[in-house]
1. Check cross-link reach from residue 714 to the aspartates and glutamates: straight Cα distance under 16 Å, and skip same-chain residues fewer than eight apart.
2. Would you list, by chain and number, the aspartates and glutamates whose Cα falls below 12 Å from the Cα of residue 319, excluding same-chain residues fewer than 8 positions away?
3. Going by how many other beta carbons lie within 10 Å of each one, how would you line up 311, 23, 40, fewest first?
4. Given a Förster distance of 51 Å, report the FRET efficiency between residue 554 and residue 412 from their Cβ-Cβ distance, rounded to the nearest 0.05.
5. Pairs of Cα atoms under 8 Å, at least six residues apart: use those to get the relative contact order of the stretch 402-492, whole percent.
6. So if I place +1 on the C-beta of Lys and Arg and -1 on the C-beta of Asp and Glu, and nothing else carries charge, what would the dipole magnitude of the stretch 55-137 be about its Cα centre? I want it in debye, nearest 20.
7. Assuming 0.36 nm per residue, please report the length gained on full extension of the stretch residue 65 to residue 584 beyond their Cα-Cα distance.
8. Using the basic label-point model (7 angstrom from Cα toward the beta carbon), what is the residue 688 to residue 54 distance in nanometres?
Amino acid sequence: MSGDITAVIQPIVLTCADTQIVVDTHTFEQPYVPYWGPQVLAENSECARSDAIASIPQRVSGGVDSPSPLTLVPQAASGWLSTPAIEGHRAGYDFVTKLVTNSVEAAKNRVKIKLVDGEAGLSLTLDIGLTLSGLLYQQAHLTNDADADYTLDALRMFFPLPGSAVEVLDTTGHHLRERSPQRHNLTIGKYQRESRRGRPGADSPLLLAAGTKGFGFESGLVHGIHLGWSGSQRLSVELTTAADRFLVAEELFEPGEMILEPGQTYSSPVSYGAWGDGLNAVSARFHQHLRSRATHPSSPRPVTLNTWEAVYFDHDFDKLASLADRAARVGAERYVLDDGWFSGRRDDTAGLGDWFVDQTVWPKGLHPLVGRVRQEGMEFGLWVEPEMVNPDSDLARRHPEWILKGREDLPVAARQQQVLNLTNPDAYRYVRDRLLALLREYPISYLKWDHNRDLLEAGSGAGGRALAHRQTKALYNLLQELKEHQPGLEIESCASGGARIDMGIAEYTDRFHPSDCLDPQERLANQKYTGLVMPPELLGAHLTAPKVHSTGRIVDLEFSAAVALLGHFGIEWDLTGADDATLDEVSRLVEFYKQNRELISTGTVVHADLSDPALDVRGVVSEDKRNALFTITQVTTSAFHPLGMVHFPGLDPKTVYRVQLALAGGDKTGPGQSEMPWLAESMELPGAALMHPGVRAPAQNPENSLIIRIEAAK
Ligand code: GLA
């Protein structure tokens with residue numbers, strides 16, 4: 001402990017959006033956060049006592065003489081026995097650090113703390129703050145102050161948890177099933193989720209959360225973290241035998257990847273934490289924060305037709321032109337030509353890297369198609385996968401040295417492709433210039449930017465250095481350059497579906513493709529849990545072909561639309577085969593989305609915690625709480641017959657609302673079934689009654705949804 005603990009200087013209290021954090025920089029050698037959670041002190045009030053003193057651990061038998069509680073920079077040299085903030089060395093020497101608080105600068109909602117270790121020749125600056133939505137963010141900058149190289153193995157950011165956090169929730173998944181939830185009890189030890197893939201991955205947790213027993217979307221104190229980084233990473237939660245419980249976020253380095261030369265600084269990605277009484281409140285903080293950015297897409301999200309599942313690699317002008325006609329007929333506003341348009345790309349075995357329009361398939365270039373699309377009043381978008389290269393491509397034949405690898409042989413192929421080394425200035429320039437040339441030649445307002453393989457052995461060549469970190473930085477740089485070149489250009493982040501969704505790449509992109517699986521039944525969980533961090537207007541959600549390509553399930557059109565509605569609506573289906581009645585129905589659904597997209601892009605997303613697992617209720621409530629849309633979905637058959645009550649969270653208890661069916665689902669009647677009384681005519685009820693106990697759930701066949709509008713009656 002530093003100095004006399006009775007002479008404690010007041011801790012810093014940051015308060016924003018009902019979130020409070022106390023940062024004590026004087027009681028211990030490192031900054032200490034005794035409290036992070038709901039506001040308990042009046043704004044601008046000083047801590048009457050030091051929470052830090054209250055939490056100094058006792059010396060106990062068999063332990064160290066001055067045990068340390070969890071600080072923001074825990075290290076062994078200060079008596080910390082668990083996961084440390086920093087790991088590194090100088091060519092095998094000087095592995096011990098003791099970074100100690102040296103100076104503190106506090107501004108409104110922010111604290112900058114500098115820690116120095118003169119003996120080890122290191123200094124660390126920690127930026128901590130609260131966003132206007134109450135997100136707690138941290139970023140660490142480590143500088144090598146000595147005159148020899150310092151190998152940094154890990155630099156971690158810590159988020160303390162309250163003692164009530166006893167249950168852990170995160171997500172896992174794989175291609176076609178991203179972000180499915182998993183839960184377990186927090187026990188002594190560490191639970192960690194890693195990506196060593198050079199991207200967050202389809203199994204990425206996105207949010208690692210810990211809370212009270214059985215915390216849900218509507219209630220239960222819960223804290224969660226996210227790392228704003230599109231490369232390898234680790235999120236963990238730990239409970240020590242000294243009863244410290246905390247969440248940790250860090251970038252994951254390959255061996256020897258992060259060597260700091262004298263004077264060099266490593267800046268970590270930004271890590272974000274949110275608390276809430278239930279996950280709805282946690283996600284609202286992320287959504288509000290993302291929406292407050294100057295770069296957040298603010299124009300109405302255009303209904304997007306994507307050609308992938310309609311034609312795959314089978315590019316044919318007549319077919320794609322008639323698809324454009326149909327797209328326009330049903331009200332699409334953006335037409336995205338997916339994979340298959342560039343040199344040699346007749347299937348997924350060749351062509352990546354050769355970013356020239358294929359002359360055999362497109363003898364007049366893309367002009368005829370782009371012209372048609374624009375004539376129909378739609379924007380034109382194009383699929384690219386700039387970080388990748390097929391060994392079977394002119395680019396790979398010309399520049400085999402531009403491929404990332406760590407040994408003589410190429411890394412194990414994935415989808416027959418390899419990764420281009422964007423940290424090589426020549427490779428970077430080639431890709432950038434090809435993309436710029438396409439943007440100059442065609443009126444392209446949107447790029448679907450794919451990334452279809454994990455990075456393995458991401459090195460500079462045989463026997464070379466690891467480059468995964470620099471590759472991610474180069475990607476950010478490339479996206480930034482393109483956006484600067486063409487203001488207004490929108491970019492979609494896709495990675496075999498949703499394998500690269502994070503707040504790092506969100507800075508440079510405008511939409512995510514949460515999954516290649518368009519099955520609404522599967523999308524329910526995918527969108528619910530991707531929505532823990534990302535707001536609906538960033539989540540691409542497409543109407544599927546009636547027989548879903550990835551699951552074979554036959555799905556109802558209205559069900560597909562109801563699930564896609566709470567996202568950035570699109571269509572990925574060969575409409576050239578649809579009859580007039582179907583096209584009319586699609587137009588009606590598109591129109592419904594257009595009428596409601598403003599609400600969907602600005603409102604608060606809520607999910608109801610229901611005791612019947614056969615039902616799903618989710619919705620979006622306008623900021624002033626006068627207008628809301630909810631979907632009631634019958635996911636499977638229920639144990640109950642008739643069904644029980646369902647409720648609508650997030651409304652204003654005192655407002656009287658009119659409740660109406662906004663869009664009927666498909667198939668939902670059964671033999672001997674009467675009409676649902678409250679659906680038969682519009683009904684008025686106060687918010688308090690709609691929030692609890694709610695209304696009787698209408699009977700529907702499985703895989704059907706109803707859309708309910710709830711509007712202030714006066
Ligand atoms: C990935 C994407 C798909 C599609 C294909 C094209 O799988 O997730 O949406 O763009 O690539 O090859």
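Laboratory data are not the source of any read-out in this text; all were calculated from the coordinates shown. Remember, it's a predicted structure, so these values are computed and weren't measured experimentally. A quick note on method: Cβ atoms are made from the backbone with ideal geometry, for glycine too, and the neighbour counts reach across all protein chains shown.
1. 624, 652, 684
2. Filter leaves 574.
3. On the way: 311 18, 23 23, 40 11.
The order, fewest Cβ neighbours first, is 40, 311, 23.
4. According to the calculation, E is roughly 0.85.
5. Relative contact order, the stretch 402-492: 41 percent.
6. Dipole magnitude for the stretch 55-137 comes out near 260 debye.
7. Taking residue 65 through residue 584 to full extension adds about 179.2 nm, to one decimal.
8. It is 3.4 nm.
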